[in-house]
Every structure is written in structure tokens, then in C-alpha cells.
1. Read through the list (1) in a strand (DSSP E or B); (2) without any contact (Cβ under 8 Å) to a residue 24 or more places away in the chain, then give the number of the only condition that Ala58 fails.
2. Determine which member of the set Thr4, Thr47, Thr78 is within 27 Å of Gln102 (Cβ to Cβ) and among the β-branched types (Val, Ile, Thr).
3. Scan region 74-111 for residues that are in contact (Cβ under 8 Å) with a residue 24 or more places away in the chain, surrounded by fewer than 17 Cβ atoms within 10 Å (Cβ to Cβ) and among the hydroxyl-bearing types (Ser, Thr, Tyr) and report the count.
4. In the set Gln114, Gln118, Gln71, which member is surrounded by fewer than 15 Cβ atoms within 10 Å (Cβ to Cβ) and touching a strand residue (DSSP E or B) at 6+ places or on another chain (Cβ under 9 Å)?
5. Does Thr47 satisfy the condition of being of a type in the set (S, T, N, Q), outside any strand (DSSP E or B) and surrounded by 15 or more Cβ atoms within 10 Å (Cβ to Cβ)?
6. Might you let me know whether region 18-37 holds any residue that is aliphatic (A, V, I, L, M), in a helix (DSSP H, G or I), surrounded by fewer than 19 Cβ atoms within 10 Å (Cβ to Cβ) and at pLDDT 95 or above?
7. Here is a list: Ala101, Ala93. Which entry is modelled with pLDDT of 95 or more and either out of contact with any helix residue (DSSP H, G or I) (no Cβ under 9 Å at 6 or more places or on another chain) or not in a strand (DSSP E or B) (or both)?
8. Only one of these is at pLDDT below 95, among the hydroxyl-bearing types (Ser, Thr, Tyr) and more than 30 Å from Leu8 (Cα to Cα): Thr47, Thr70. Name it.
Amino acid sequence: MSATLEVLLAEREIGRQLARMARAMDARAWPELDGVLAADASADFGTGRIVGRAAIIALIRSFLDECGPTQHLLGNLTVEVAGASAASRCYVADLHLGRGAQAQLRLQTLGEYQDRWQQRAGRWWLTERLKVSRGHVGSFAVLGPGPAHWRPPE
């Protein structure tokens, strides 16, 4: 079975959007996320479901703004396109380094992003993200406090 050019282009743009989001988080380039997340997007990073681009960015910032350098590596991407909708899955291995008094600490998580996408006005937008965590090594103390209800896994 051969893919159409439209499907191949969709797969490529979705892959680029995923990389754009990972790089924006690592660079703390928060305005970049406005070009990836749909305004009505929802997400669950293991912290409970939240809705809205601003709320998602605020949640990510609650962890990363007080953290040292990070690197979110993505791999084994699969994309299934169905017209103007798509679903993607990719592994994520993210490394978080401490800073200041926490500089000696590290946190690495292993997991998968399970995402849904919509093509709107000729562009692919992330409309739903679920992070499935499979494990971690290190200390969650390298992160900012996160939302008030969040408790790090044991």
C-alpha cells in the first residue's frame, strides 16, 4: 500500500511540529507553543486533564521555569492520518538537570506521547496530548512545583 503525497506531507509536518514543541520547551521559548497547540487543546501529563493552550503552557512552565537545562528527545514516531485528523505516537526520553542548590540532581523520564491532531486552515495543530510515563530515574526535586494538586510518582 502506498501513501499519498498528502499523507506523507501530513506526517512530515506533524513530525516537525513535535520537534518544534520539544525544542520550545528546552529553550523556554513559550511563544513558539502558540504555533503548535490548538487554542482548545487538552492535555494530561500525569497531572490530570487540562484544557486550553494557555493552561497547558502554564502547566509546562510550572515544572520547567525553575528547572535547569532540559532535553526532550523524541523517537520511534508513528503517524496515522485520516483526512483532516491524525494520531501520532512517539517515545520521549527527557533529561532534566538541577540548578542552583539542586545542581547536583538529575531526573530522566521514559515514556510516550500519544497525540491527536487536526488540520485547520492548512496547518496541523496538536489538539490532545497524553504523556504515558513508563519510568524515571533521579529526583523530581529538579522540577518546579507543578500544579498544586500534583504529587510526584514514588
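The values are calculated or read from the model by the stated rules, or taken from the named source; none is laboratory data. Predicted model, so just to flag it, every value in this text is computed and none were measured. Don't worry about glycine lacking a Cβ; one is built from the backbone with ideal geometry, like all the others, and counts go over all protein chains shown.
1. (1)
2. Details: Thr4 fails: within 27 Å of Gln102 (Cβ to Cβ); Thr78 fails: within 27 Å of Gln102 (Cβ to Cβ).
Result: Thr47 is the single residue among Thr4, Thr47, Thr78 that is within 27 Å of Gln102 (Cβ to Cβ) and among the β-branched types (Val, Ile, Thr).
3. Residues that pass the stated criteria total 1.
4. Working: Gln114 fails: surrounded by fewer than 15 Cβ atoms within 10 Å (Cβ to Cβ); Gln118 fails: surrounded by fewer than 15 Cβ atoms within 10 Å (Cβ to Cβ).
Criteria check complete, one pass: Gln71.
5. Working: of a type in the set (S, T, N, Q): yes; outside any strand (DSSP E or B): yes; surrounded by 15 or more Cβ atoms within 10 Å (Cβ to Cβ): yes.
Yes, satisfied.
6. Within region 18-37, the subset aliphatic (A, V, I, L, M) is 18-19, 21-22, 24-25, 27, 29, 33, 36-37.
With in a helix (DSSP H, G or I) added as a condition, the list becomes 18-19, 21-22, 24-25, 27, 33.
Checking the rest, the ones that are also surrounded by fewer than 19 Cβ atoms within 10 Å (Cβ to Cβ) come to 19, 27.
Narrowing further to those that are at pLDDT 95 or above: 19, 27.
Checked region 18-37: at least one residue is aliphatic (A, V, I, L, M), in a helix (DSSP H, G or I), surrounded by fewer than 19 Cβ atoms within 10 Å (Cβ to Cβ) and at pLDDT 95 or above.
7. On the way: Ala101 fails: modelled with pLDDT of 95 or more.
Answer to the selection: Ala93.
8. Details: Thr70 fails: at pLDDT below 95.
The match here is Thr47.
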